[in-house]
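Read the figures in this text as sums done on the coordinates, not as results from a lab. The shown structure was predicted, so the numbers you read here are calculated from the model rather than taken from an experiment. FYI the Cβ positions are ideal-geometry reconstructions off the backbone, even for glycines, and counts take in every protein chain you see.
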Amino acid sequence: MPTIHTALISVTDKNGLDRFAHGLVALGVRILSTGGTARFLKDHGIPVTDVSDFTGFPEMLDGRVKTLHPKIHGGLLGIRGNADHKAQMDAHGLENIDMVVVNLYPFEQTVNQAGCTLERAIENIDIGGPAMLRSAAKNHAGVTVITDPQDYDPILTEMNTHGGAVTAATNFHLAKKVFVRTAAYDAAIANWLTALDETHQPQRFPAVVTLQFHKRQEMRYGENPHQLAAFYEERPILDHACVSQAKPLQGKELSFNNIHDANGAFELVKEFDEAATVIVKHTNPCGVALGDDLLAAYCRARDTDPVSAFGGIIACNRPITGPLAREIAKTFVEAVIAPGFDAEARAVLAEKSNLRLLETPPLGPSASNHLPNHPGTLDMKRVRGGMLLQEGDHHLLTRNDIKTVTRRPPSERELLDMLFAWKVAKHVKSNAIVYARDLTTVGVGAGQMSRVDASRIAVWKARETQQTLKRQEDFLVGSVLASDAFFPFRDGIDAAAAAGATAVIQPGGSIRDQEVIDAANEANMAMVFTGIRHFKH
C-alpha cells in the first residue's frame, strides 16, 4: 500500500476541504496547491506550498498554465518501484506526488445558465484538472486520486487505519470514478459545442450525442426469462420526479417489465393537476380517472377494466393514504408508484410483502424543462446500429387550441371529458382509441393495425367490464371518444355513434375529413379537431 507523503489539491468545489486538509496535515502530508485553493487553505491555517514554487515556473496566461509541467506529471506518472523511472526522476529533480485532489471547472453548470456565450463556455473548459486526474488515475497503483468530496472522510479513515496509506482496492475504485467523471465532462463539452452551428447559434440536435448511464441494478431477467438485463440511471439526472429516482420501500426486486410499466404509468399521471390514478398493463393504460380525492380516482380507474387491472401497475400523483391503501390491497397488483405513502398506508401495504412500493420525489417542474439543448431531454429509440432521437411529446392542449367542425359544439361536460381523454390517448400505443365519461376512461383500444379495430376493441372492453361489474348502466352512452390520429374513413365515427358516444376529439387532416364530419353530423355528435397527432409506437 502506497503511503501518502505529498498531496496536490486544486478544487472548484471547496465543501469539506478544510477538514480534509487538516486531516492530511495531521498525518504528516505536505500539501501543494494553486490559486484560489491555496488561498482558501492558507486562510484556514493549513500550511501550503504553491505549485509555482514547487515547479519553479510561474502561473501564466491568466492561470491557464500552472500544473501542465513535467514536475507535476512526472511526479504523478512515475511508476513506484521501477528503477529506470526512479533514475530518470532523480536526474531531472522530479519528486513523487502521492495524492491528487481535483474537481473541475463548472462547465456543465455554466452552459446550463440562460444566455451563456461561447466565450464564457470556453473559459470554463478545464485543461489542467482532467490532465492531472487522468495521470493520477493511470498510475493508481502508486497514486490516490480524489475528484468527489464525498470520498474525503472515507479516505481519511483509511489513512488513519493504515498509517497514512491507502489500499490498492480503494485506489482502483477511485481511478474508475475519475475516468467516469472525465468521460462525462468531455461528453458535456462535445454535446454543447456540436449543438452550435458555424455562427455559434444553438441547434436542437447536436452533431454528436454522448450520454452517460450508471448501472443501478442487475435484473433477474429482461422482458423474458431467457434475456439478461440491467437498469441504468442517466447522469446527470434531469428530472427527479421520475421512475429512475423512485425509492423502493418494500416488495420483491423490481423486474425489467415492472420498471417499464411503472415509467409509463407515472409519466401519464404527471399530466394531471387534479388528483389522478393510472393503472397500466403491458405499457398501456387500462384505467385512468380523476377524482375529488385519490380514493375516488383509484376506484373509478380500477373499474374501467378490473380484469386488466389485476397484476397491473398503479401510479398516483398524490401521496397514498391509509383508506386508499386498503382499497388497493383488495386487488393483486405488481407495484404502486407515488410521491409518498403515509404511515397508515405503509402499515396496510406491508401485509402484502411482495407488493413493490416506489416512492418518488415530490412532483414539480421538471429540471429538464430548463435545459432545452441538453440531449438528455430528448426521447431515444434504439434501432439496430443506430438511434432515433426526437423531442419528447410534451404538447399540452387547451380548450383554446381546438376547433369545432360539426354543427353541434360540445357541451361543457363533453369538452372536459375530451380534454381528459386526449391526455390519456397520448400515452396509449398507436393506433389508440380512448372512450371516457365523467373524467374516467370507460374503454381503451391500443396498438391495433387499423383505427376502426382499436375502436371496436375499446367498445368490447367497455361491454365486458359492464358485465363483469354487473352494472345495468351502459358505460358508453354519453361518452366521448379520443383518437390519437385522424380517422381515414367514417367507419370509426359510425362505430362510436352506435356505441353511444356523443362527442369526438381527433387531430383532423384526412383527405376524407368532410366525410367524417358528415358522419358526426348525421349522428348529432360534436366533433373537434386539435391539429396535433399523438402517435406512440
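Just a few scattered comments:
- For the stretch 399-529, a crude dipole built from +1 on the beta carbon of Lys and Arg and -1 on the beta carbon of Asp and Glu, taken about the Cα centre, is about 280 debye to the nearest 20.
- When the GluC sites (Glu not before Pro) in the stretch 473-524 are filtered for DSSP coil states and for at most 14 other beta-carbon atoms within 10 Å of their beta-carbon, the remaining sites are Glu473.
- When Rg and Dmax of the Cα atoms in Å is computed from the coordinates, the matching label among [x] 30.7, 102; [y] 24.2, 92; [z] 30.2, 98 is [z].
- Peptides 156-166, 309-319, 123-133, ordered by how many other C-beta atoms sit within 10 Å of their residues on average, highest first, read 309-319, 123-133, 156-166.
- Peptides 501-507, 425-431, ordered by how many other C-beta atoms sit within 10 Å of their residues on average, highest first, read 501-507, 425-431.
- Pairwise centroid distance, computed over Cα atoms, of the stretch 167-220 with the stretch 423-454, Å: 39 Å
- Helix axis angle, 128-138 relative to the chain longest principal axis, alpha carbon, degrees: 80 degrees
- Projecting the Cα atoms of Ala265, Asn191, His5 onto the charge dipole of the chain (Cβ charges, centred on the Cα centre) puts Ala265 farthest toward the positive pole.
- Given charges at beta-carbon only (K, R positive; D, E negative), |dipole| of the stretch 6-193 in Debye: 240 debye
- Here, the stretch 249-359 yields an orientationally averaged convex hull projection of 5.6 nm² when only Cα atoms define the hull.
- Cα long-axis angle, helix 513-522 against the chain (0 to 90 degrees, to the nearest 10): 50 degrees
- Neighbour counts of other Cβ atoms within 10 Å put Val25, Val434 in the fewest-to-most order Val25, Val434.
- Distance from the C-alpha centroid of the stretch 55-84 to that of the stretch 119-158: 15 Å, rounded to the whole angstrom.
- Centre separation in Å (Cα based) which lies between the stretch 456-522 and the stretch 328-352: 35 Å
- Debye equation applied to the C-alpha atoms of the stretch 6-193, log10 I(q)/I(0) at 0.14 Å⁻¹: -0.80
- Each Lys or Arg adds one and each Asp or Glu takes one away; over the other residues whose Cβ falls under 13 Å from the Cβ of Phe54, this sums to -1.
- Ranking Ile46, Gly500, Tyr221 by how far each Cα lies toward the positive end of the dipole of the chain (charges on Cβ) leaves Tyr221 at the top.
- Lys, Arg +1 and Asp, Glu -1 on Cβ, resulting dipole of the chain about Cα centre, debye, nearest 20: 900 debye
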